[in-house]
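The values are calculated or read from the model by the stated rules, or taken from the named source; none is laboratory data. The model shown is predicted, which means the values in this text are computed figures rather than measured ones. Positions of Cβ are backbone-derived with ideal geometry, glycine not excepted, and every protein chain shown enters the neighbour counts.
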Amino acid sequence: MAKLAINGGEKVRTKPMGVAWPIYDDREAEALTEVLRSGKWGSTSGSKVREFESAFAEFCNAKHALCLTNGTAALEVALRAAGVGPGDEVIVPPYTFIATASAVVMVGGIPVFVDIEPGTMNIDPAQIEPAITERTKAIIAVHIGGRPADMDGVMDVAKKHDLKVIEDACQAHGASWRNQPVGSVGDAGAFSFQSSKNINSGEGGAVVTNDGDFYLRCYSLVNVGRIPEGEWYQHEYLGSNYRMTEFQGAILPIQMSRWEEQQKRREENAAHLDSLLAEIDGISPLDDDPRVTRNAYHLYIFRYHSDRFNGKPKSRFLQALSAEGIGASGGYTPLHTSGMFQRLSKRLQEIGFYGGPAIDYAAVELPATQNACDNEACWFPQSRLLGPKEDMDDIAKAIKKIRESCEEL
Ligand SMILES: Cc1ncc(COP(=O)(O)O)c(C=O)c1O
């Protein structure tokens, strides 16, 4: 008789897991109605976005925060404000959402991908220096899944080569590196408030920085070239319109007020799950690092080792887990292998742009990223960590069952 549910055995879990996301109540409804009735729907007439910016800057321990349409725009604006333009190279990890690297292309720059650390899935600082050329302007450090990247390593190499550091903190609200909230460790941080994010307004984003001039450049880029005390038709710089609406500005403080309590629950459940998974031969949680003083757990990422599961690929393991009633994602594919970057390399070669082998994306080999994508990385969303502790027990139970019956896989 088959034991595994994928082969007709009994499921470990029959009811749904985690909690419905987003979480909201009458407070959001009242705040939205207030904005509606005020007639002040845009941030140029209302005060909600400006108020949230102050609160979010404080949350990030940064001097300035500027809200805008989304995290993708936050990256583009931060890159432009950092002086990245046509032909400039920006070092990025390939294990991230497309916007980290496509934002570089959108401002005319060239992403140069460097590999990740296998145990954290974040950019490997040791790989950065060999990728630097005379065209390198900046590094984007992504805090993947909300776990801070090695900011000591990134900042050291950036200082040595006089490069700007932009943190892609789109998944990392409230995470901290050596007790410093992410986003304010480098020159600037980009955040997303898109629907799935731990602080969310459907769509939305923010740039945070401690540098007043950088903030002013971002302000103009977001506000069609205006300056803070300028006239309505006074356009001093080139900019676009990336402004957030007051509806988003009204919801965000309420979402943020729930964050601490939700975050404690995520941390408790993640710690419990870490300890349960550590006992299963063939599964490992991400590496511990005492410098990570807070992980935002936008994703709970763990590593699958197929050699301990009868050599079966990750895809088969995930199917088996899903059959047990526990959905999980296999995560990203390496960004440099995506159609967009393959086409970009071809185009750059056609126009005779010499960028060296680093931008012949078809030839780039990044084994740790490839291995994470193809073989190891498995994810649960943050809302899974908001369920009861027993949900974690069921996750571990299902994985253990698959491991113990892996000859059936
Ligand atoms: C790592 C990372 N960077 C950038 C973004 C882009 O944010 P948005 O979807 O708000 O444009 C996201 C959002 O999914 C992300 O996860």
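Candidates 242, 219, 233: the one that is in the same structural domain as residue 53 (by TED's automatic domain parsing), among the hydroxyl-bearing types (Ser, Thr, Tyr), within 16 Å of the ligand (Cβ to nearest atom) and at pLDDT 95 or above is 242.
So that you can scan it fast, the table gives a plain yes or no per residue for (1) buried (at least 18 other Cβ atoms within 10 Å of the Cβ); (2) of a type outside the set (Lys, Arg):
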| site | (1), (2) |
| --- | --- |
| 237 | no, yes |
| 244 | yes, yes |
| 250 | yes, yes |
| 262 | yes, yes |
| 304 | yes, yes |
| 308 | no, no |
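Can you pull out every residue in the stretch 340-368 that is closer than 30 Å to residue 285 by Cβ and in contact with a helix residue (DSSP H, G or I) (Cβ under 8 Å, 6 or more places away or on another chain)? If the condition is that a residue be closer than 30 Å to residue 285 by Cβ and in contact with a helix residue (DSSP H, G or I) (Cβ under 8 Å, 6 or more places away or on another chain), then 364, 366 are the ones that fit.
Does residue 56 satisfy the condition of being outside any loop (DSSP other than H, G, I, E, B) and under 20 Å from the mean Cα position of the chain (by Cα)? So residue 56 fits the description; yes. In the condition set (1) outside any helix (DSSP H, G or I); (2) under 30 Å from residue 44 (Cα atoms), residue 281 is compliant with all but (2). Can you name every residue in the stretch 68-89 that is out of contact with any Phe, Trp or Tyr (no Cβ under 7 Å at 6 or more places or on another chain) and either part of a helix (DSSP H, G or I) or within 14 Å of the ligand (Cβ to nearest atom) (or both)? Within the stretch 68-89, 70, 72, 75, 76, 78, 79, 80 qualify.
Among residues of the stretch 175-216 being charged (D, E, K, R) and within 16 Å of the ligand (Cβ to nearest atom), the one that is farthest from residue 145 (Cα to Cα) is 203.
Yes or no: the stretch 18-28 includes at least one residue that is farther than 30 Å from residue 323 by Cβ, buried (at least 22 other Cβ atoms within 10 Å of the Cβ) and among the acidic types (Asp, Glu).
Kept after step one, since they are farther than 30 Å from residue 323 by Cβ, are these residues of the stretch 18-28: 24-28.
After this cut, where a residue has to be buried (at least 22 other Cβ atoms within 10 Å of the Cβ) as well, the list is none.
No, because not a single residue in the stretch 18-28 is farther than 30 Å from residue 323 by Cβ, buried (at least 22 other Cβ atoms within 10 Å of the Cβ) and among the acidic types (Asp, Glu).
If you go through the stretch 385-400 and pick out every residue that is surrounded by 17 or more Cβ atoms within 10 Å (Cβ to Cβ), in contact with a helix residue (DSSP H, G or I) (Cβ under 9 Å, 6 or more places away or on another chain) and more than 11 Å from residue 272 (Cβ to Cβ), you end up with 5. Among the residues making up the stretch 346-401, those that are charged (D, E, K, R) and under 27 Å from residue 327 (Cα atoms) are 374, 376, 384, 389, 390, 391, 393, 394, 397, 400, 401.
Among the candidates 195, 184, single out the residue that is of a type in the set (S, T, N, Q), farther than 28 Å from residue 114 by Cα and within 16 Å of the chain's Cα centre (by Cα).
On the way: 184 fails: farther than 28 Å from residue 114 by Cα.
Just a single option satisfies the conditions, and that option is 195.
This table checks each residue for (1) under 23 Å from the mean Cα position of the chain (by Cα); (2) of a type outside the set (A, V, I, L, M, F, W, C); (3) assigned by TED's automatic domain parsing to the domain that holds residue 215.
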site	(1), (2), (3)
10	no, yes, no
16	no, yes, no
37	no, yes, yes
42	no, yes, yes
51	no, yes, yes
68	yes, no, yes
86	no, yes, yes
90	yes, no, yes
96	yes, yes, yes
